[in-house]
Structures are given as structure tokens and as C-alpha cells.
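The values are calculated or read from the model by the stated rules, or taken from the named source; none is laboratory data. Bear in mind that the values here come from a model prediction, so they are computed numbers and not experimental data. Here the Cβ positions follow ideal geometry from the backbone for every residue, glycine too, while neighbour counts run over all protein chains shown. Protein only, heavy atoms only, side chains kept; ligands, DNA and RNA dropped before computing areas. Shrake-Rupley method; radii C 1.70, N 1.55, O 1.52, S 1.80 Å.
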Amino acid sequence: MAEVQNNMFTCPQCGEDGPLTMWTSINVAQDPDARRRVEDLSIFEWICPNCQKTSLVLHPCLYHDVANEFMIWFAPDGEIQDNTTDFSQLDHYTLRTTHTPNEFREKVNVLERHLDDRALEMTKLILIMQLSRDNVDVVDVVFHSIDTSGRFVFVLVHPDGAEQYLRLPPTTYQKLAQDVREYLYTPTHSFLTIDLNWAKDSLEMLKDIE
Ligand SMILES: [Zn+2]
């Protein structure tokens, strides 16, 4: 069930106060439109009733996809302390925490496709290292999709904000997915942050093992 909190928000442009509805919990099975609102980030938008300026109001939100068995916390201010919910019954679930809106919607996209997000973050890291060696400056790399030839499509974000699509054969990801399954123990039943920092540490560990 979707849960909302009602607050007030003050427009940073004109100072007008207006009601703010914050979606603190989303279940996509019961609210299919929520998927779109996460994708375009309109779930965090507040439109001023006076001057119509759109503000992005980030707040914690738990995203639950029952069919694909995952939950993602969006936690803009750090970790979520949730001592009220018992996740120990969610045996097959993937539980993740994300900290930026882009990470949040990317994680939904990745887990919906039943991809291994650990292998995917490592693939992104290797891609970033290759780009850096080729003197290509990027501030972000975001997984986008898998094309009809099975290649992984990433969006490269350059320092000036320009975006570029890049396609990678699936082999790097497949090799890493096998390695993480064989060599890396990842706890279940608790929310983990699997991002580029995690990938950096884990890639070091894999190198030591091999
Ligand atoms: Zn305003």
C-alpha cells in the first residue's frame, strides 16, 4: 500500500507555503503509475501554487516490487533506521539502499530486469576506469537498458551535462556475475548500499582472490 505524509513546503522562489504530499512508501503492484513517477522523478516534485516553480523535494521513500522480489530505500540523508519492520521472512528478496535520485531509479531499472546489481556496479567501475585511461571525462555512468543484440547500454554523463550512449558486449558483466556468485558473500535480510564505492572495494577483493 502506498503511504503518504502530508507536510507544508515553502517555495524557494516566491516564499509561498503550500501543501506537500510525500510518498514514503510505494508498492508498484498496487500503484503501477508510481513506477513512472519514480522514472521521471515527479514523485519528488513540488509545484508552487503561486508561481508554478517546480522544486525537487527529496525525502525517504521505500519502493516495494512484490512480483520481482525487491525493496529499495531511497535515503537522501544517509542510512534508514527501520526497527519496526521484520524483513527476515523475505527470503528471496533483494534489499537495497540508494542515496541519490539517479541511483534510486537506476536500481529499480536493474532489479526489475533481474540483473545482478553487484556485477553491474563493477562493470560500470571498469568502464569508468577504461574511459579515464582514454582521457574521457565522465561524472556519472548510468545503466540504461539491454539492446536487441544483448549489449548493455549505458548513459555517460559528461562534466558539461552532455549525455552519450555507450554499448558494451555482455561478457564483462557475465564474468563478474559469475565471480560475485562464487567468491563474494553478500548478506541478505538487510538493506545494503551496492554502488560504485562498494564495487571499488569488492573489485580489489576479487583481484586478491584470483
Ligand atoms: Zn513560488
| task | Please indicate, with yes or no, whether at least one residue in the stretch 137-145 is assigned to a strand (DSSP E or B) and within 16 Å of the ligand (Cβ to nearest atom). | result | no
| message | If I ask for residues that are of a type in the set (Phe, Trp, Tyr) and loosely packed, with under 12 Cβ neighbours inside 10 Å, which ones from the stretch 159-173 would you list? | response | Tyr165
| field | Single condition Leu41 does not satisfy, out of (1) within 16 Å of the ligand (Cβ to nearest atom); (2) touching a strand residue (DSSP E or B) at 6+ places or on another chain (Cβ under 8 Å) | value | (1)
| Which listed residue is at pLDDT below 95 and surrounded by 12 or more Cβ atoms within 10 Å (Cβ to Cβ), from His189, His144 | His189
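Every residue, every condition in (1) open to solvent by less than 30 Å² (accessible area, probe 1.4 Å); (2) more than 16 Å from the ligand (Cβ to nearest atom); (3) in a loop (DSSP other than H, G, I, E, B), yes or no:
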| residue | (1), (2), (3) |
| --- | --- |
| Gly18 | yes, no, no |
| Ile26 | yes, yes, no |
| Gln30 | no, yes, yes |
| Trp46 | yes, no, no |
| Gly78 | yes, yes, yes |
| Phe104 | yes, yes, no |
| Leu115 | yes, yes, yes |
| Glu121 | yes, yes, no |
| Ile126 | no, yes, no |
| said: Cβ-Cβ distance below 6 Å, separation of 6 or more or different chains: which pairs start in the stretch 7-19 with a residue that is in the same structural domain as Ser55 (by TED's automatic domain parsing) and end on one that is more than 6 Å from the ligand (Cβ to nearest atom) and acidic (Asp, Glu)? | reply: Met8/Asp17; Thr10/Asp17
| task | Please work out if Val38 is in contact with a helix residue (DSSP H, G or I) (Cβ under 7 Å, 6 or more places away or on another chain), touching a residue at least 60 places away in the same chain (Cβ under 8 Å) and buried (at least 16 other Cβ atoms within 10 Å of the Cβ). | result | yes
| Quick one: which of Leu184, Leu90, Leu176, Leu156 is farther than 19 Å from Trp198 by Cα, open to solvent by less than 40 Å² (accessible area, probe 1.4 Å) and more than 18 Å from the chain's Cα centre (by Cα)? | Leu90
| request: Could you please give the count of residues in the stretch 1-16 that are β-branched (Val, Ile, Thr) and either in a helix (DSSP H, G or I) or away from the ligand (no atom under 13 Å from the Cβ) (or both)? | output: 1
| remark: Ser149 meets each of (1) in a loop (DSSP other than H, G, I, E, B); (2) closer than 30 Å to Cys61 by Cα; (3) of a type in the set (S, T, N, Q); (4) without any contact (Cβ under 8 Å) to a residue 40 or more places away in the chain with one exception, condition (2)
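To keep it simple, each residue is scored yes or no on (1) within 16 Å of the ligand (Cβ to nearest atom); (2) open to solvent by less than 10 Å² (accessible area, probe 1.4 Å); (3) outside any strand (DSSP E or B).
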| residue | (1), (2), (3) |
| --- | --- |
| Pro49 | yes, no, yes |
| Gln52 | yes, no, yes |
| Leu58 | no, no, yes |
| His64 | no, no, no |
| Asn68 | no, no, yes |
| Met71 | no, no, no |
